[in-house]
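All remarks here apply to the structure that follows.
The values are calculated or read from the model by the stated rules, or taken from the named source; none is laboratory data. Keep in mind that what you see is a predicted model, and the values were worked out from it rather than measured. Counting neighbours? That spans all protein chains shown, and the Cβs are built from the backbone with ideal geometry, glycine included. In case anyone asks, the SASA skips ligands and DNA or RNA and just uses the protein heavy atoms, side chains included. Shrake-Rupley method; radii C 1.70, N 1.55, O 1.52, S 1.80 Å.
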Amino acid sequence: MTFWDHLDELRKVLFRVIGVWFVLAIGYFIAMPYLFDHVILAPCHNDFIFYDLLRHIGQALDLTDDFFTQEFQVKLVNINLAAPFFIHMSTAFWMSVVTAMPYLFFEVWRFIGPALYPNEKKGVRKALTVGTVMFFVGVLLGYFMVYPLTLRFLSTYQLSAEVENILSLNSYIDNFMMLVLCMGLAFELPLVTWLLSLLGIVNKSFLRKYRRHAIVIIVIAAAIITPTGDPFTLSVVAIPLYLLYEMSILMIKDKKKTEEEIEDEIALSEE
């Protein structure tokens, strides 16, 4: 295929992806009132599945700390006249983007597949499959654990008894989308690392050498994502991120050194 043929094929791919996004967005826009009440606003209520799990753990282990026994309820207010309409549209769009991710990876595979050798096709197919699964695992972890814990801490945190916390709809949605999507993207770490290894930017030895540095960065990132201050919440985010780092090491294969590279290293060491 010529350069212009490739551009024409890419244009078709973009049109198909945008078409799928558009159809899903319309569906989500229609169903948004139900989804808003039962999915997006679910972490605002005390009967959310993760809060129930914490209470069951507290009862089973006879724990009396507020973290396991706290009754929790958040009521949102709207202070912007046009906010409900624009949030309705933007939320429908972002939900369509998230759920269309498998189709997006499929279209990427269809576009680059013909240019790959058989051994390359196997690796790319595996990478795209793993990337899709890990993205949704991260999104689910963000929705069921990370965001509820963050919401409960920030909404009940008081700078002063004179200041009452009243959450706006815009603030809730912005933090909801950011944390859930960030967790989904964070779980793409093994795929990104694998791609960087193919480009020769990182290798298995490099990741092992700087493992301690990575642990510090992961803990800091987890503390920023979930600023609750308790070890349980921190570990909910930090442990999966560290396991992803170790998974990245396992996914990378060190390239075998050629005889010339070995001779060059020996010569340098002798000098």
Beta carbons within 10 angstrom, averaged per residue: use that to sort the peptides 173-185, 70-82, highest first. 173-185, 70-82
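Determine the share of segment 94-178's accessible area contributed by carbon and sulfur atoms, expressed in whole percent, with a 1.4 angstrom probe. Could you put the intermediate results ahead of the total?
Details: 3190 of 4800 Å².
The C+S portion of the solvent-accessible surface of segment 94-178 is 67 percent.
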Helix 189-198 axis, angle to the chain major axis (alpha carbon atoms, nearest 10°): 20 degrees
Helix 83-99: inclination vs the chain longest Cα principal axis, degrees, rounded to 10, gives 40 degrees
What is the spin-label model distance, in nm, from F153 to A115 if the labels are put 7 Å beyond Cα along the C-beta direction? 4.4 nm
22 Å Cα cut-off, lysine pairs counted over the chain (separation 8 or more, or different chains): 20
Tabulate in residue order the Karplus-calculated ³J(HN,Hα) for segment 2-14, using 6.51 cos²θ - 1.76 cosθ + 1.60 with θ = phi - 60°, rounded to whole Hz; enter x for Gly and Pro. 7, 4, 5, 5, 5, 5, 5, 5, 5, 4, 5, 4, 4
Please sort 4-11, 99-106 by packing, taking for each peptide the average over its residues of neighbouring beta carbons within 10 angstrom, highest first. 99-106, 4-11
For L41, distant residues with modelled amide H under 5 Å away: none
For segment 114-126, just list the computed ³J(HN,Hα) in residue order, Karplus coefficients 6.51, -1.76 and 1.60, θ = phi - 60°, integers in Hz, with x standing in for Gly and Pro. x, 8, 9, 6, x, 5, 6, 4, 4, x, 5, 4, 5
Under the Karplus curve 6.51 cos²θ - 1.76 cosθ + 1.60, θ = phi - 60°, whole-Hz ³J(HN,Hα) for segment 210-224, x wherever Gly or Pro sits: 9, 4, 5, 5, 5, 4, 4, 5, 5, 5, 5, 4, 5, 5, 6
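Quote the FRET efficiency, to the nearest 0.05, computed for L140 versus M251 with a Förster distance R0 of 25 Å and r equal to the Cβ-Cβ distance.
Numbers: r = 21 Å, r/R0 = 0.85.
Plugging the Cβ-Cβ distance into 1/(1 + (r/R0)^6) gives 0.75.
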Order of 109-117, 129-137 by packing, highest average Cβ count within 10 Å first? 129-137, 109-117
Counting only heavy atoms of the protein chains, get the accessible area per residue of segment 47-107 (1.4 Å probe) and round it to a whole Å² value. 63 Å²
At 0.36 nm per residue, minus the direct Cα-Cα distance, what do A82 and V13 gain on full extension? Give it in nm, one decimal, please. 21.4 nm
